[in-house]
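The following block contains the structure, expressed as structure tokens.
Only the coordinates and a few stated rules stand behind these numbers; no lab work does. All values reported here derive from a predicted model rather than from experimental measurement. Positions of Cβ are backbone-derived with ideal geometry, glycine not excepted, and every protein chain shown enters the neighbour counts.
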There are 2 protein chains.
Amino acid sequence: MTAPIDFWFSIGSPYTFLAVMRLPEVAERAGVEVRWRPFDAYAIQAEANDSPFADKPLKAAYMWRDIERRAAKFGLPLRLPIPYPLADRAVANRVAVLAAKEGWCPAYAIATYRHWFVDREAAGSEPNLSASIKEAGQDPARVLQQASTAAGAEALDAATREAKEIGLFGSPSFVADGELFWGHDRLEDAIEWQHNLDQGNPG
Amino acid sequence: MTAPIDFWFSIGSPYTFLAVMRLPEVAERAGVEVRWRPFDAYAIQAEANDSPFADKPLKAAYMWRDIERRAAKFGLPLRLPIPYPLADRAVANRVAVLAAKEGWCPAYAIATYRHWFVDREAAGSEPNLSASIKEAGQDPARVLQQASTAAGAEALDAATREAKEIGLFGSPSFVADGELFWGHDRLEDAIEWQHNLDQGNPG
């Protein structure tokens, strides 16, 4: 056994409930030693909110490192840093809406994220855009022409209005039988929820 | 098989990468059907940010429902709604810092969260405070007296300064060998990281 884990927590945080209650058992099972480190997270957050940009570099750096670790955990290749934010998010998502309507959305979404995160080609821009459409078995000229029309823009707006009406506030979100799950790290929970429904078990 | 899951996503969101890449396999394994629903999450977020309180009821409602589902998943009892936010967070955390110094922090933290989330007694207030200290084997009169001194306040401030210096921005956080993991849903990742180190495997 090497050094202990530091568990930093503030009483008052609702989500901290889940960590406080589960940590002893999970750590014990793994044979990992834990040092409990109470602090006042609210004081840090309040200070960070006083200067609106102060906390962003920290959180952004954390996000990329977290994505990197999770990708490694799941065996997903990626090469950071990648272009971010996207210069043309609208086109990327208009194509996705068209793809969803025509039935080739997963292939396109996976291809465009792979080109973005592995080849460092921004989604929504060339060469990513045409390559991803082609890999989904479609003709880039046709798709890009349709996505550039007013109808193409309106289809994305309509999807966004619908998302807003059902109370979504971020991506990715999963809705299973009216239950909202937010965040990539609720993927398994959402699938499990639906799976239990399909098996006739209460959620 | 009943209705499909709706997978709402926006190309441009970094974390969405992890969901797009993993969803097909996880859904397939569970025999769950997925409908891919692209939308513009940024448009919704930008609008919500224009009116600073507009998105909070949505997110707060989501948080409690999410905590409820996760508690059920892990077999943790709780009875929502509970008093929130806490009227006296400072005392709750000053006692925690003293407990950490004296070696009875886990017992106290678990007791106070249980009284808060199951008995609906606010942490940091009576009767939760004295009951939780007692359940951790300590004398409430002694502990509360020490926590109310200037030294008791300063000990919490010092812990918070240290947390800030190492770049923490929220509770709960885990630090394993210099790696920061943020959020109750990274508990397993943090433990696994340390466990692999202890086994001599690269993280």
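Ignoring everything except DSSP H segments at least 4 long, calculate the 222 nm mean residue ellipticity for the protein assembly as shown; use -39,500 (n - 2.57) per segment, divide by total residues, nearest 500.
-18000 deg cm²/dmol
Let me ask something additional. Only four residue types carry charge here, +1 at the Cβ of Lys and Arg and -1 at the Cβ of Asp and Glu. Report the dipole size of the range A:50-203 about the Cα centre in Debye, rounded to the nearest 20.
Roughly 540 debye for the range A:50-203.
For B:Glu162, place a label point 7 Å from Cα along the Cα-to-Cβ direction in every copy; what are the distances to the other copies, in nm, shortest first?
5.2
Put a label point 7 Å from Cα along the Cβ direction on A:Ala72, then list its distances to the equivalent points in the other copies in nm, shortest first.
Those label-point separations list as 3.6 nm.
If you don't mind, another one. Working from the alpha-carbon coordinates of chain A, get Rg over Rh, Rh being the Kirkwood radius.
That ratio is 1.03, to two decimals.
Using only alpha carbon pairs under 8 Å that are at least six residues apart, calculate the relative contact order of the range A:89-165 and give it in whole percent.
The value is 35 percent.
If each label sits 7 angstrom from Cα along the C-beta direction, how far apart, in nm, is A:Pro127 from its counterparts in the other copies?
Its label point is 7.2 nm from the equivalent points in the other copies.
Also, quick follow-up: Compute the separation of the alpha-carbon centres of the range A:11-34 and the range B:57-129 and state it in Å as a whole number.
Cα centroid of the range A:11-34 versus Cα centroid of the range B:57-129: 13 Å apart.
Fewest first, what order do B:Tyr108, B:Tyr84 take by the number of other Cβ atoms within 10 Å?
Ascending Cβ contact count within 10 Å gives the list B:Tyr84, B:Tyr108.
Identify, for chain B, the residue whose C-beta comes nearest the rotation axis onto chain A, and round that distance to whole Å.
B:Asp185, 2
I've got another one for you. Considering only DSSP beta bridges whose two residues both sit in the protein assembly as shown, what percent are antiparallel, to the nearest 5?
Once the DSSP bridges in the protein assembly as shown are tallied, antiparallel ones form about 60 percent.
Another question, if that's okay. If you build a Gaussian network model of chain B, linking Cα atoms that sit under 10 Å apart, which residue out of B:Ile191, B:Ile166, B:Ile11 swings the most?
Sorting by GNM fluctuation, first place goes to B:Ile11.
In which sequence would B:Ser171, A:Ser125 go, from the one with the fewest C-beta neighbours within 10 Å to the one with the most?
Taking fewest neighbouring Cβ atoms as first place, the list is A:Ser125, B:Ser171.
Considering Cα pairs under 8 angstrom that are at least six residues apart, work out the relative contact order of the range A:1-160 and quote it in whole percent.
Reported relative contact order: 18 percent.
Please state the charge dipole magnitude for the protein assembly as shown, taken about the Cα centre, from unit charges on C-beta atoms (+1 on K and R, -1 on D and E), reported in debye and rounded to the nearest 20.
0
Right, here's the next one. From the Cα trace of the protein assembly as shown, what convex hull volume per residue do you get, rounded to a whole Å³?
Looking at the protein assembly as shown, the number lands at 149 Å³ per residue.
Between B:Asp177 and A:Asn201, how many nm apart are label points set 7 Å from Cα along the C-beta direction?
Distance between label points: 3.5 nm.
Along the charge dipole of chain B, Cβ charges K/R +1 and D/E -1, which of B:Val20, B:Ala43, B:Phe117 sits furthest on the positive end?
Ranked along the dipole, the leading option is B:Phe117.
Now for a separate question. Based on other C-beta atoms within 10 Å, arrange A:Phe181, A:Phe74 from fewest to most.
Exposure proxy ranking, most exposed first: A:Phe74, A:Phe181.
Once you have all Cα-Cα distances for the range B:85-203, histogram them in 10 Å bins from zero and send the whole-percent values.
Cα pair-distance distribution for the range B:85-203, in percent: 13, 36, 33, 15, 3.
Express in nm, to one decimal, how much length is gained between B:Glu102 and B:Ala153 on full extension, taking 0.36 nm for each residue of separation and deducting their alpha carbon distance.
Separation in residues times 0.36 nm, less the Cα-Cα distance, equals 16.8 nm.
Sort the following peptides by mean Cβ neighbour count (other Cβ atoms within 10 Å, averaged over residues), highest first: A:133-139, B:147-153.
Answer by packing, highest mean first, reads A:133-139, B:147-153.
Is the shape of the range A:54-101 best called rounded, prolate or oblate, per the rule: a/c under 1.5 gives rounded, else a/b larger than b/c gives prolate, else oblate, with a ≥ b ≥ c the square roots of the Cα gyration tensor eigenvalues?
Because a/c hits 1.5 or more and a/b fails to exceed b/c, the range A:54-101 counts as oblate.
Next question, about the same structure. Which of A:Lys73/B:Lys101; A:Lys101/B:Lys56; A:Lys59/B:Lys56 have a Cα-Cα distance over 27 Å?
A:Lys73/B:Lys101; A:Lys101/B:Lys56
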